[in-house]
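Heads up, the thing below is written out as structure tokens.
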Amino acid sequence: MKTFDAAIVGGGLIGASAAFELAARNLRVVLLDRQQPGREASWAAAGMLAPSPDGPDAQRLVPLAKESFRLYPEFIAAIEGTLGKSCGFAREGTLEIFFGPEGEWARDAFIEQQQRLGLSSEPLAIEGAREMEPWLGPKASAAAWLPTEATVDPRLLIDAALGAAQARGVQIRSHCAVTGLLREGDRCAGVLAGDARIAARHVVLAAGCFCSSLDETAQYAPTRPVRGQMLSLRGEPVLARSRPGLAGSKRQTVRLRRVLRSANGYLVPRPDGRILAGSTLENAGYEKAVTPAGVQEIMNAALELAPALTSVEITEMWAGLRPGTPDNLPILGPTDIEGLIVATGHYRNGILLAPVTAKLVAAWVTGERPALETDLFSPLRFAHRAVSPAASTAAPYPL
């Protein structure tokens with residue numbers, strides 16, 4: 001039986017990026033996915049590359065996020081250079097928008113936090129924000145400019161990452177559900193996939209919110225699904241309302257150059273004119289349905305940012321399942337089972353954190369010391385605890 005250097009369980013961007021990095025070190029790698037690779041959380045994401053924390057817990061994630069953001073241009077160049085396909089990477093910056101009479105106070109507090117964390121941001125007069133993005137709505141009262149933030153098209157990126165990994169020699173097996181671990185004493189020696197035994201010196205668990213599905217791994221990766229609904233808007237045509245500098249009765253196309261984001265939602269432009277709007281945060285188990293309430297929540301936030309979108313067409317609606325964890329931090333690192341490594345729980349930051357996760361996984365597999373301190377994210381922080389009901393209830397799927 002052939003033995004791989006690494007078997008990666010999960011074919012999303014985290015798994016594909018780790019496979020790509022390991023293959024660059026001339027390791028024999030197999031990547032396994034229970035369905036077609038790249039069609040879960042990675043495919044559903046908006047693709048904002050923003051190291052800014054999106055909540056109090058996320059401040060502890062900033063050093064890791066900053067390092068992954070620093071690695072992104074190199075990461076994109078390596079993938080695009082391998083296949084010659086674009087990943088839709090664009091560095092146009094982000095406008096963080098604030099509303100209401102306390103908007104300027106909230107903006108100043110946001111900028112103070114950004115600067116304290118070493119993140120680039122600056123206050124911007126709301127008139128200046130409207131010059132940059134004329135479709136910004138009249139209710140906006142303050143803005144912050146984040147000049148270095150970027151975006152990527154996750155669907156292009158995941159397909160390119162899988163293709164690039166395969167071009168480097170990675171074996172990709174779709175519809176290959178992992179049902180257990182192979183053990184040699186206290187060591188993980190591979191995985192079981194139905195009747196198939198796949199031997200590997202290291203197993204990397206990167207199956208997103210499905211990691212808690214296996215009893216053998218649930219204590220290390222008590223993930224839970226957090227549903228996020230998304231919309232794609234065409235942006236044309238629209239009957240523009242009268243505003244300074246715009247004809248009041250002329251049908252015009254709503255086009256954004258950069259991300260508009262608020263506490264309630266975001267708009268992410270694509271080069272082809274689409275505008276992605278999102279997103280919800282829902283504890284709905286493994287149900288990926290799009291709901292009227294979710295669509296309304298997203299559109300309310302979108303119209304607050306850019307009211308002219310009221311007349312555009314919704315061209316696509318979908319939902320994805322983010323991998324949440326009990327403390328909303330990733331689960332990264334070796335376990336106390338020799339040969340078993342976990343790389344999951346990236347929650348809302350899986351696209352952003354792919355490059356640094358790939359580097360960390362490669363270090364652990366090859367026995368190197370990671371360049372970053374990662375104890376905060378160790379799977380051992382959950383080991384031997386009882387798995388919470390939230391993590392263990394709706395887990396009907398093999399990996």
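Add +1 for every Lys or Arg and -1 for every Asp or Glu among the other residues with Cβ under 14 Å from the Cβ of Arg183, and state the total.
Combined, the nearby Lys, Arg, Asp and Glu give -3.
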Q) Where both residues lie in the stretch 94-147, what percent of DSSP beta bridges are antiparallel, nearest 5? A) 100
Q. About its Cα centre, how strong a charge dipole does the chain have in debye, to the nearest 20, once Lys and Arg get +1 and Asp and Glu get -1 at the Cβ?
A. 800
Q) What is the Cα radius of gyration of the chain over 2.2 N^0.38 Å, N being its residue count? A) 1.01
Q) Where in the stretch 260-281 is the amide nitrogen less than 20 Å from a point lying 7 Å along the Cα-to-Cβ axis of Leu83? A) 270-272
Q: Multiply the residue gap between Asp108 and Lys139 by 0.36 nm, knock off their C-alpha separation, and tell me the result in nm, one decimal place.
A: 9.4 nm
Q) What's log10 of I(q)/I(0) for the stretch 20-77 at q = 0.13, 0.16, 0.18 Å⁻¹, Debye sum over Cα points only, no solvent? A) -0.55, -0.80, -0.95
Q) To the nearest 20 debye, what is the magnitude of the charge dipole of the stretch 303-388 about its Cα centre, counting +1 on the Cβ of each Lys and Arg and -1 on the Cβ of each Asp and Glu? A) 140
Q: Quick one: among Ile111, Ile351, Ile337, which has the greatest mean-square fluctuation in a GNM of the chain with alpha-carbon springs under 10 angstrom?
A: Ile337
Q) Residues with amide H under 5 Å of Leu182's amide H, sequence separation 5 or more or different chain, H placed in the peptide plane at 1.01 Å from N; which? A) Ala189, Gly190, Val191, Leu192
Q. Going out from 0 in 10 Å bins, what whole percent of all Cα-Cα distances in the stretch 94-147 drops into each bin?
A. 28, 55, 17, 1
**Q.** Pairwise label distance in nanometres, Glu131 with Asp54, each label 7 Å out on the Cα-Cβ vector
**A.** 3.1
(Q) As an exercise, identify the trypsin sites (Lys or Arg not before Pro) in the stretch 1-80 lying in DSSP coil whose Cβ has no more than 15 other Cβ atoms within 10 Å. (A) Lys2, Arg25
Q. Ala383 to Trp318: FRET efficiency via 1/(1 + (r/R0)^6), r the Cβ-Cβ distance, R0 35 Å, to the nearest 0.05?
A. 0.50
Q | Pairwise label distance in nanometres, Arg257 with Asp186, each label 7 Å out on the Cα-Cβ vector | A | 6.0
(Q) Run the numbers for Ala167 and Gln36: contour at 0.36 nm per residue of separation, minus the present Cα-Cα distance, in nm. (A) 45.4 nm
Q | Extension reserve of the Ser311-Ala371 stretch, reckoned as 0.36 nm per residue once the Cα distance is removed | A | 16.6 nm
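Only the coordinates and a few stated rules stand behind these numbers; no lab work does. Values in this document were obtained by computation on a predicted structure and should not be read as measured data. Neighbour counts run over all protein chains shown; Cβ positions are idealised from the backbone, glycine included.
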